[in-house]
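Note sheet for the following structure.
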Amino acid sequence: MSTMKILTIGSKSKFLHLLFTGIFLCLFIIQSAGQKRDFKEAQIYITAQATQQLLANRGFTAFEPLEQPDENYPTIIIDVNKTFQTIEGFGGAFTDASAFIFAKLSKELQEKILKANFDPVEGNGYTLCRTTIHSADYSEEMYTYDDVAGDKDLKSFSIAHDEMYRIPLIKSALAVAKGNIKIFASPWSPPAWMKTNNDMLHGGKLKPEYSQSWADYFVRYVKAYQSAGIPIWGLTVQNEPMATQVWESCIFTANEEKDFVRDYLGPTLKKNGLSDTKIMIWDHNRGIMYQRAAAAYEDPEASKFIWGTAFHWYVGDHFDNVRIVHDAFPDKKLLYTEAGMDGSWSSAIHLARNMIIDLNNWCNGYTFWNMLLDQNGGPRHAGGNGLLSLRSNIITADLKTGEVTFNPPRYTFGHFSRFIKPGAKRIACTSSSDDFIATAFVNPDGKIAVVILNLKNNDNLLQLWVEGKVVKVNCPAEAVITMIL
C-alpha cells in the first residue's frame, strides 16, 4: 500500500511539474507575441511600367522613428500581432495547351521556364497549381479517360493521353519545387455518354443514372495520378457550373452540386481512402457565390465533405461577396482558382488589385490560368476565339521564332508568390489613402511581406508605418511594391 501511495504522490508531482511548465511556456509565448519587434530596415522590390522595373530589387531602406502617422501622407499601417487566415499557396494551371507547348521547346528553354515558375529561391516559387480532368477548352483536342459509352464500371479508364505531355510537365515542376506543390484538379465536363445532351460541349447535365460512375471517375483519376507520382491535393466539383459554353461545359444548380457531393463524391472518396482530398464547390464568378455556398454549407451532410468555395473573376468585381461567405461560414476556406488574362501591363495591374482585395477578404490562395501559351494564345481546340485575349498568357512561347517572353503579369504575380509562403498568416494592414491598397502577411520564418499597389497614374511618396517607426519610398505610377521586413 505504501508503495502505491509513493507512486501516486510521484505521479501527482510529475503532473504538477508538467502543468506549471506548460503554463509558464504559454505565458512566455503570449508575452513574446506581444513584444515589439526591432524594425531596422525594409527590403524593397518594385514592378512598374513607368520605370520599366520588373521585380527589381531596390535594396534596403532604413526605418525612421515616427510615433504618430499623419493622414496628410499616404501611409500603409500594419499590426503584426493581429492575424487572420492562413495561406495555402500561389500558382498557375497545368493545362494541356501549356504542356503541349512546353514539350515543343528546347531543353534550355524548358529549364528556364521551370526555374522561373517553380524555383523557390530564384523563381516565382509556385506552390499551389490547378490542372484539368481530361480535356478543357485549352486542350489541343477533345478527349476523356473513358470514351466507351455505357461503361458504368469504367473498365476502359486510362490516363494515357496525359502521359504524353501533361504528366511529364507536372513531374518536372515538382522536381524543381522539391515536391512542394499542392495540385487540385477540375473537370470541365463528364464524358458525353454520361450527359443529357450526349455532348461534352454546349452545357447539358449529368444524367442521374451516371452519378455514381462520375464519382468513381474522380477516384480513378486521383489514384491514377498518385500511381504516376503526382499527389492530388484537391478537387473542384465542376468548372463554371452555370455556364453553357461552346467548349467543354456542364450545368449543376446549387442543389444538384450539393446533392452530388453529399450522396456520391464525398462518400466515394471516403470509401476509397481519399478523405483528405479537399473538395471545393462553385468554381465560378463571385456574383452568386454566397447562394452557392449557403446551399451546400447549410446541409450538414454535404458540408462535412466540403473544404471550401472556389471562385473566379470574369463578371464584375463583387469583392464583398468573398468576405460575406467567410463571415457566414468562417470554418470554410476560399480559393481563387482561375485568373485568365492577356500579357499586358493593364492585366498586370488588374491582377495585383484583385489579389490584394481578395486576400484582404479572407482568400486562402490564388491560381491564375494557363502558365504558358503560344504566339496565337493557344492551342485551343473548341471555339471561343474572341475570348483568347481575355484568357491568354503570363508567359508566351513563339514557336516560330523560338523566343520566350515573360509578360508583366508574371512579375506582379511574383510580388505575392515569391514572398508570401504557404503557412503565412495575414496580418492587419490598412491604408490612409484611396490611392494605395495593400495586404500584409507574416511568414512561418517570421519575416513580414507587405504588397502595395499604387492605383494612380502618378508618382507618390509612400510610407509604411509599424510600431512607432516608418519607412519611406518613392512609388512610381501604377507600381506594385513588396516590402520585406
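Rounded to the nearest 5, the antiparallel percentage of DSSP beta bridges internal to the chain is 60%. For ASN458 and THR86, a Förster radius of 45 Å and the Cβ-Cβ distance give a FRET efficiency of 0.80, rounded to the nearest 0.05. Per residue, the average separation of C-alpha pairs within less than 8 Å and at least 6 apart gives the chain a relative contact order of 22 percent. To the nearest whole percent, what portion of all C-alpha pairs in segment 88-419 is separated by more than 25 angstrom? Everything past 25 Å amounts to 47 percent.
With the simple model of a label 7 Å out from the Cα in the direction of the Cβ, ASP398 to ALA50 spans 3.0 nm. For segment 63-162, the set of GluC sites (Glu not before Pro) satisfying both a DSSP loop assignment and a count of at most 13 other C-beta atoms within 10 Å is given as GLU67, GLU71, GLU122, GLU141.
A DSSP coil position with no more than 13 other Cβ atoms inside 10 Å describes the following GluC sites (Glu not before Pro) in segment 206-314: GLU298.
Cβ-to-Cβ counts within 10 Å put TYR290, TYR138 in ascending order as TYR290, TYR138, the fewest first. Each peptide in 186-196, 263-273 receives the mean, over its residues, of other Cβ atoms within 10 Å, and ordering these scores from highest gives 186-196, 263-273. With R₀ fixed at 35 Å, the C-beta to C-beta distance from GLN212 to ASP331 puts the FRET efficiency at about 0.75.
Distance cut-off 30 Å, Cα to Cα: go down the list LYS112/LYS182; LYS82/LYS278; LYS107/LYS152 and report the pairs above it. Pairs exceeding the cut-off: LYS107/LYS152.
Each residue of segment 431-437 was assigned a 3J(HN,Hα) from its phi angle through the Karplus expression (A = 6.51, B = -1.76, C = 1.60, θ = phi - 60°), giving 10, 8, 10, 6, 7, 10, 10 Hz with x at Gly and Pro. One decimal place: the segment TYR314-GLN226 gains 28.5 nm when fully extended, by the rule 0.36 nm per residue minus the C-alpha distance.
Each value in this text was obtained by applying a stated rule to the coordinates, not by laboratory testing. Only a predicted model underlies this, so the values are computations on that prediction, with no experimental measurement involved. Using ideal geometry, Cβ is built from the backbone for each residue, glycine included, and neighbour counts are taken over all protein chains shown.
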